[in-house]
């Protein structure tokens with residue numbers, strides 16, 4: 001692996017797609033956000049926050065930020081579905097992007113995983129406000145264009161080909177109001193190929209878009225990002241940024257607690273991973289930020 005890059009997607013393909021969408025030069029950043037809650041048996045009620053952001057024009061390299069937060073408020077005991085420290089996270093990612101490329105991103109596309117439709121308003125209002133504040137604190141005149149998209153795999157909608165014997169092809173998009181919500185901006189995308197079983201499309205909700213992208217442009221961009229995963233030579237079921245955030249949140253749980261990882265997954269199929277003894281849970285709750293040792297978390301994307 002040279003310079004933390006183990007593959008490079010064909011530049012011309014992605015560049016042509018992006019140039020069609022953005023007229024603001026090559027200053028865009030793709031962000032994936034995932035929030036993984038602690039198991040119901042966990043006495044600490046912790047949540048792992050993982051955020052990754054693209055570093056290059058062709059999104060193959062990513063910056064990462066890892067935080068934890070208490071899952072429930074002390075008094076109301078309500079689950080905190082939004083990222084409490086989104087402002088500090090975005091400031092760090094934008095600064096890393098600026099240091100790496102020599103200029104800040106002009107357009108930011110955020111793919112957010114891990115929330116249900118009933119939580120859209122609360123999560124969106126808190127996180128978008130925090131992102132805007134982060135930009136203003138970096139510079140009073142810095143106001144990048146934002147697109148905020150929720151990624152949802154937890155649904156029961158399925159699509160079939162006309163012969164009723166095979167799955168729909170990869171790249172199939174359904175945005176008809178007969179299936180989607182006529183009052184919102186959403187669509188289904190089956191971006192991957194399934195050899196066995198029934199394909200489950202991903203449901204996307206565009207909650208905010210001052211990039212002013214057309215529906216076809218959002219759909220094409222989302223589909224293109226499904227081809228950029230380093231783990232697969234074909235398209236995957238969700239865009240690579242949010243997939244990386246999901247992998248990062250799951251992996252970090254093993255580094256900070258070997259006995260009770262923050263995932264609700266059960267069983268012992270996963271190999272035991274050494275715990276970082278320098279990490280203290282109580283201190284992490286206070287500081288909100290996890291700093292893994294260089295041995296466990298080198299500059300390369302260890303979560304892949």
Legend entry - Hey, residue 115 within 15 Å of the chain's Cα centre (by Cα) and either in a loop (DSSP other than H, G, I, E, B) or touching a residue at least 24 places away in the same chain (Cβ under 8 Å) (or both) or not: yes
Legend entry - All positions within region 158-173 that are at pLDDT below 80 and under 22 Å from the mean Cα position of the chain (by Cα): 170, 171
Legend entry - Some residue of region 16-28 being at pLDDT below 85 and part of a strand (DSSP E or B): no
Inset, instruction - Give, as residue ranges, the helices (runs of 4 or more DSSP H) completely inside region 192-299 that count at least 2 residues that are more than 21 Å from the chain's Cα centre (by Cα) and modelled with pLDDT under 70. - result: 281-287
Inset, instruction - Check residue 132 against each of (1) surrounded by 14 or more Cβ atoms within 10 Å (Cβ to Cβ); (2) more than 23 Å from residue 202 (Cα to Cα); (3) over 19 Å from the mean Cα position of the chain (by Cα) and name the one condition it does not meet. - result: (3)
Inset, instruction - Within region 118-158, track down each residue that is more than 18 Å from residue 187 (Cα to Cα) and in a loop (DSSP other than H, G, I, E, B). - result: 139, 140, 141, 142, 143, 144
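Restricting attention to region 166-185, which residues are under 24 Å from residue 236 (Cβ atoms), assigned to a loop (DSSP other than H, G, I, E, B) and either out of contact with any helix residue (DSSP H, G or I) (no Cβ under 9 Å at 6 or more places or on another chain) or free of Cβ contacts under 8 Å to residues at least 40 places away in the same chain (or both)? So that I can check it myself, show each step before the final result.
Step one: list which residues in region 166-185 are under 24 Å from residue 236 (Cβ atoms), which gives 166-175, 179-180, 185.
Filter once more, so that each one left must be assigned to a loop (DSSP other than H, G, I, E, B): 166, 168-171, 175, 179-180, 185.
Of everything in region 166-185, those that are under 24 Å from residue 236 (Cβ atoms), assigned to a loop (DSSP other than H, G, I, E, B) and either out of contact with any helix residue (DSSP H, G or I) (no Cβ under 9 Å at 6 or more places or on another chain) or free of Cβ contacts under 8 Å to residues at least 40 places away in the same chain (or both) turn out to be 166, 168, 169, 179, 180, 185.
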Inset, instruction - Say whether the condition of being in a strand (DSSP E or B) and at pLDDT 90 or above is met by at least one residue in region 77-99. - result: no
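The values are calculated or read from the model by the stated rules, or taken from the named source; none is laboratory data. Remember, it's a predicted structure, so these values are computed and weren't measured experimentally. Because the Cβ atoms are built from the backbone with ideal geometry, glycine has one as well, and the counts that use them run over all protein chains shown.
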